[in-house]
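Have a look at the structure below before the remarks.
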2 protein chains.
Amino acid sequence: MTNRPNPARRNAKSRSAILAATRALITEAGYQKVSIEAIAAKAGVGKQTIYRWWPSKGAVVFDAILALSEGDPEQENHGAEKDSGTMALPDTGDLEADLKTVLRATVAEFTDPAFEAPVRALNIEIAGDPELAAGYRERMAAPMAAVKKDRLRSGQRAGQLDSGADLDLVIDLLWSPIAQRWLLRTGALDDAFADGLVDAVLRAFAPS
Amino acid sequence: MTNRPNPARRNAKSRSAILAATRALITEAGYQKVSIEAIAAKAGVGKQTIYRWWPSKGAVVFDAILALSEGDPEQENHGAEKDSGTMALPDTGDLEADLKTVLRATVAEFTDPAFEAPVRALNIEIAGDPELAAGYRERMAAPMAAVKKDRLRSGQRAGQLDSGADLDLVIDLLWSPIAQRWLLRTGALDDAFADGLVDAVLRAFAPS
């Protein structure tokens, strides 16, 4: 590795600056007020640099969030570690305790403005754009589901979850109620809610 | 009641035309392409008429969807009857069968473009606007939850659901996974998924 500037390294730095500026603007001003112009100004690049790499604001936002969970070393990380494809959920041998830890952390993230503002923006973009939704499925939802299934399978081996359980259904039952309450602001998000979800789902899929 | 035109009646007709035009445009062109200008042109009113009654596109969309579920006789109704505050869920005496009927119907609605396009638009608006979210909670989510709880309580009396069950949690576990899969397009929406949700939740809250 050399310290001389070169085009590839300059591109990587611009890309990183653009994604960091996108996240900062979403958190500071709210997604609706973010524009390609504002991102370019804050990142210190020209608008054309952004349009060369991304077709829309939604696409920039998507990559800005994805960079967090992929652990790009040039990006800060707002507690999304557990959702990274390279990470695992905690496994202390106690499925109930570990799921409560994870769901309480999920609830905490959704009540943290620095985390929730960009994720909300991403959810809105995905909901309105089938192509972005396909990218989300492939690059975020599927790796996250694989990490969750690893932990659930370990629970099945430990006799703490029915060995015949449909793990996609288990994942949806655990996480969707939190995501819906958060996204549509329809109810309280707290530890009691997280614990109640885990208790109900483990009763539904108790080993027979 | 008189047949002579009067301002109140003219206002009601304009309002109704605006809401019908909003729903039609969302279904035909997609929410992103709908503008106040387009709504005004299709409804045959001036833009100022719309801005006099609604502060934003999101607010018009909200009332357009709400008019469906409130059963305004001048509006068509795309199968939203079961969500109306004046309606009830089916009660044949068999909670499992009735919940499967309702969840299968919910899944069918979400795969019907005429129904799902305006509801998707509404979800996107609610996700991005806390004030609209409060209106949604009060005018749509709460009445719908009351209707669902009535049916669940009847199931508790029939000994088909634990009498101590947290009914808000039961409702979230049944409906949120469908809403999330639909909104973010993360998985298949079919009868098997609907049935699997009902089976899991009734196991979790079986009478002790």
Item to check | Unmet requirement for B:P177, which otherwise passes all of (1) under 19 Å from B:L95 (Cβ atoms); (2) surrounded by fewer than 19 Cβ atoms within 10 Å (Cβ to Cβ); (3) at the interface with chain A (Cβ under 7 Å from one of its Cβ atoms); (4) not polar (S, T, N, Q) | outcome: (2)
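Search region B:182-208 for residues being of a type in the set (D, E, K, R) and more than 7 Å from chain A (Cβ to nearest Cβ), and hand back the single one that is nearest to B:F115 (Cα to Cα).
Let us first name the residues in region B:182-208 that are of a type in the set (D, E, K, R), namely B:185, B:190-191, B:195, B:199, B:203.
Still in the running and more than 7 Å from chain A (Cβ to nearest Cβ): B:190-191, B:195, B:199.
On the way: B:D190: 16, B:D191: 18, B:D195: 22, B:D199: 26 Å.
By that ranking, first place goes to B:D190.
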Item to check | All positions within region B:168-192 that are in contact (Cβ under 8 Å) with a residue 12 or more places away in the chain and over 21 Å from B:A145 (Cα atoms) | outcome: B:L189, B:D190, B:D191
Checklist entry - How about region B:84-139: which of its residues are among the small types (G, A, S), free of Cβ contacts under 8 Å to residues at least 24 places away in the same chain and closer than 20 Å to B:L167 by Cβ? => result B:A97
Next on the checklist: Looking at region B:143-154, I want the residues that are under 15 Å from B:V102 (Cα atoms) and open to solvent by 20 Å² or more (accessible area, probe 1.4 Å) and have a partner that is modelled with pLDDT of 95 or more and in a helix (DSSP H, G or I) with Cβ atoms under 7 Å, at least 6 apart or on another chain. Which pairs are those?
Outcome noted: B:A145/B:I171; B:K148/B:I171; B:K149/B:L167
Checklist entry - Would it be correct to say that A:R137 is under 30 Å from B:L132 (Cβ atoms), surrounded by fewer than 19 Cβ atoms within 10 Å (Cβ to Cβ) and facing another protein chain (nearest Cβ under 10 Å)? => result yes
Checklist entry - Residue check: is A:P118 open to solvent by less than 20 Å² (accessible area, probe 1.4 Å) and away from chain B (no Cβ under 11 Å)? => result yes
Checklist entry - How do the pairs read when you match residues in region B:40-66 that are within 18 Å of B:R139 (Cα to Cα) with residues anywhere that are open to solvent by less than 40 Å² (accessible area, probe 1.4 Å) and of a type in the set (K, R), using Cβ under 6 Å and keeping only pairs 6 or more apart or on different chains? => result B:A64/B:R23
Item to check | Residue selected from region A:15-42 under the condition open to solvent by less than 50 Å² (accessible area, probe 1.4 Å) and over 23 Å from the mean Cα position of the chain (by Cα), by the criterion farthest from B:Q32 (Cα to Cα) | outcome: A:A40
Checklist entry - From the list A:D166, A:D172, which residue is facing another protein chain (nearest Cβ under 9 Å), crowded, with 20+ Cβ neighbours inside 10 Å and modelled with pLDDT of 95 or more? => result A:D172
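I'm trying to understand the selection: among the residues of region A:180-202, which are open to solvent by 10 Å² or more (accessible area, probe 1.4 Å) and over 15 Å from B:L174 (Cβ atoms)? Walk me through it before giving the result.
Quick first cut of region A:180-202, residues open to solvent by 10 Å² or more (accessible area, probe 1.4 Å) only: A:180-182, A:185-193, A:195-196, A:199, A:202.
Of everything in region A:180-202, those that are open to solvent by 10 Å² or more (accessible area, probe 1.4 Å) and over 15 Å from B:L174 (Cβ atoms) turn out to be A:W182, A:R185, A:A188, A:L189, A:D190, A:D191, A:A192, A:F193, A:D195, A:D199, A:L202.
The values are calculated or read from the model by the stated rules, or taken from the named source; none is laboratory data. Computed from a predicted structure; not experimentally measured. Cβ: placed from backbone, ideal geometry, glycine included. Neighbour counts: every protein chain shown. Note: areas computed on protein heavy atoms with side chains; ligands, DNA, RNA excluded. Shrake-Rupley method; radii C 1.70, N 1.55, O 1.52, S 1.80 Å.
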